[in-house]
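All remarks here apply to the structure that follows.
The values are calculated or read from the model by the stated rules, or taken from the named source; none is laboratory data. A quick note: this is a predicted structure, and the numbers were derived from the prediction, not measured. No Cβ is skipped: glycine too gets one built from the backbone with ideal geometry, and neighbour counts run over all protein chains shown. What goes into the accessible areas is simple: the full protein's heavy atoms, side chains included, and nothing from ligands, DNA or RNA. Shrake-Rupley method; radii C 1.70, N 1.55, O 1.52, S 1.80 Å.
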Amino acid sequence: NVTHPAVRASAFALVILIIASMTLFAAGLDYGRPLPEYSASTVQSAWLNGATVFHPDAFAYVGIGYRMMVHDYYLPSYYHNPSLNIYTDIALFWLSGALALPHNSAYGDREIAPFSLYVMAEFLSALFTLLGVALAYAVGRTAFDDRRVGVVTAALVAFSPLSVQHAHYATPNAETITFATAALLLGFVILKQKQPRLIVYLLGGLLIGLTAS
């Protein structure tokens, strides 16, 4: 009953929680942006200075993804981590028309991507973390059949220092946590159902595979 006071209170708390957490996740994502007056090469030659502030591993996902777009090939040839995050970044860059940005195709993975693409990839991590907060609510509510537990679970994820930290990184961490939380949710759904349908098992297996990738 959506008109029940407890239901309305839980819904209101969840909305406030999502707004507050997204504020934390998105704050300062463009920190370290090169200024033309001090970093003219960034604008004139499309070169990203190696001292630009972002996660030291971010180039492995943003830079490699952009290089794949620039040179029009589909394998990242990067084997330290699975490649799903590279492909989700590529999808974001393609939708935004990132190839039209100034770039030099001769540059390597650490320099080829403009700074704005790092900000976009960080914002994607923030969105994944926000989705993780919503999924955490569903996990808590499903596991204990209680909306209040769902809100507390979501709050623990939203305000966890690691959640806030990784929401600011253009790395696979936020995406991995989100898929893992979704897989956990499907696990609880399977446990709660008396006769789980095959599609639930298949979806759960898919989410586990996406977590691993």
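Between ASP30 and ILE18, the simple label model (points 7 Å from Cα in the Cβ direction) yields a spacing of 2.5 nm. When PHE25, PHE188 are compared by accessible area of protein heavy atoms, the largest-first order is PHE188, PHE25, using a 1.4 Å probe.
Ellipticity at 222 nm from helices only: DSSP H runs of n ≥ 4 in the chain, each -39500 (n - 2.57), divided by the residue count, give -20500 deg cm²/dmol.
Taking only protein heavy atoms and a 1.4 Å probe, the accessible area of the chain is 67% carbon and sulfur.
Relative to the longest principal axis of the Cα atoms of the chain, the long axis of helix 198-212 makes an angle of roughly 40 degrees. Computed from the C-beta positions of VAL7 and TYR73, the FRET efficiency with R₀ = 45 Å rounds to 0.30. Summing Lys and Arg as +1 and Asp and Glu as -1 over all other residues whose Cβ lies under 11 Å from the Cβ of ASP89 gives a net charge of -2.
For the chain, the equivalent ellipsoid derived from the Cα gyration tensor has semi-axes of 37, 21, 12 Å, listed largest first. At an R0 of 41 angstrom, the distance between the Cβ atoms of HIS80 and ASP146 translates into a FRET efficiency of 0.50. Over the range 67-131, accessible surface divided per residue gives 54 Å², non-protein components excluded, 1.4 Å probe.
Look at the dipole of the chain built from charges on Cβ: of LEU117, PHE144, TYR107, the Cα furthest out on the positive end belongs to PHE144. Ordering 206-212, 189-195 by mean Cβ neighbour count within 10 Å, with the highest value first, yields 206-212, 189-195. For the set SER96, SER125, solvent exposure ranked by accessible area (probe 1.4 Å, protein chains only) runs largest to smallest as SER96, SER125.
For the range 120-213, the Kirkwood radius over C-alpha pairs fed into Stokes-Einstein at 37 °C and 0.692 mPa s yields D = 243 µm² per second.
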